[in-house]
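The values are calculated or read from the model by the stated rules, or taken from the named source; none is laboratory data. All values derive from a computational prediction rather than experimental measurement. Cβ placement follows ideal geometry from the backbone for every residue including glycine, while neighbour counts extend to all protein chains displayed. Surface accessibility is based on the protein's heavy atoms, side chains included, excluding ligands, DNA and RNA. Shrake-Rupley method; radii C 1.70, N 1.55, O 1.52, S 1.80 Å.
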Amino acid sequence: IGHYTDYEAWPTCGIASIKEVIGHYDNPTYFMDPERVTAGILWFAKGFVEYKVPNYLLKDHILKEIEISLEIGSEAPQVNENWPSDICFSLNETPLGTWTSPGDYGETRGKLTPEWWHSDVNQYGLLKVLRITENGTYMDGQRLSDVSILDLRVDPKYWTFRISAEDTKRGRGGLTLFGKGFGNYDQDIVMRCFYE
């Protein structure tokens, strides 16, 4: 999750590997630290992370569906399992839709949480599967928007995937991303393309 190519992060925020916090809490400067590529968790109250993903499709391939899975949750000061956050997704600058995370989970430890990680902060998220098909965009099978594969601008070299947490009128929000070595699912962000 630390292989993002662009970001904006507002406190409360931070980034950590499975061994240690990278830099200091609530200092967005450390999101550009070279050690970020080892990150197993990152969080911010407002902002975005953007990833460039190689496009391995050949010219004669017909793209039918894209599947993106990731472990994600809200970001509250310390822990609050009732902390809704509107999290937006886009691909190649095309908005895919907004999903509301129910909370920032931490009343029990994550299955993969390193022993040194404090117990009063984010422990795990929810494993979500985003699918962009010919019929629309879905989150865990529930329709998120009418955006289809045909609406995406496909760069011949790479995809640009953005995850953002916007300001909300509720005064809550933020997001936490969990990668390998943190949370309940031992995976980073996984993107699959299905084609003919």
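Some points to look at:
- Here the Karplus curve 6.51 cos²θ - 1.76 cosθ + 1.60, taken at θ = phi - 60°, turns the phi angles of segment 101-109 into couplings of 6, x, x, 10, 8, x, 6, 10, 6 Hz, with x standing for Gly and Pro.
- Here the accessible area of the chain is 50 percent carbon and sulfur, with a 1.4 angstrom probe and all protein chains present.
- Volume of the Cα convex hull of segment 19-88, divided per residue and given in Å³: 153 Å³
- The listed residues LEU126, LEU70, LEU58, once ranked by accessible area (1.4 Å probe) with the largest placed first, stand as LEU58, LEU126, LEU70.
- For the chain, a simple Cβ point-charge model (Lys and Arg +1, Asp and Glu -1, everything else neutral) yields a dipole of about 180 debye relative to the Cα centre.
- What segment 1-77 shows is 48 Å² of accessible area per residue, with the surface traced by a 1.4 Å probe over protein heavy atoms.
- Ranking by accessible area, most exposed first, for TYR56, TYR4, TYR30 with a 1.4 Å probe: TYR56, TYR30, TYR4
- A simple rule links phi to the HN-Hα coupling: the Karplus curve 6.51 cos²θ - 1.76 cosθ + 1.60 with θ = phi - 60°, which for segment 116-126 gives 6, 6, 4, 7, 9, 10, 2, 10, 6, x, 10 Hz, with x for Gly and Pro.
- Only alpha carbons enter this Debye calculation for segment 55-196, each as an equal point scatterer, and the log10 of I(q)/I(0) it gives at q = 0.10, 0.11, 0.21 Å⁻¹ is -0.38, -0.45, -1.23.
- Segment 1-57 shape via C-alpha gyration tensor axes, a/c threshold 1.5: oblate
- The packing ranking of peptides 154-162, 9-17, highest mean first, is 9-17, 154-162, where packing means the average number of other beta carbon atoms within 10 angstrom of each residue.
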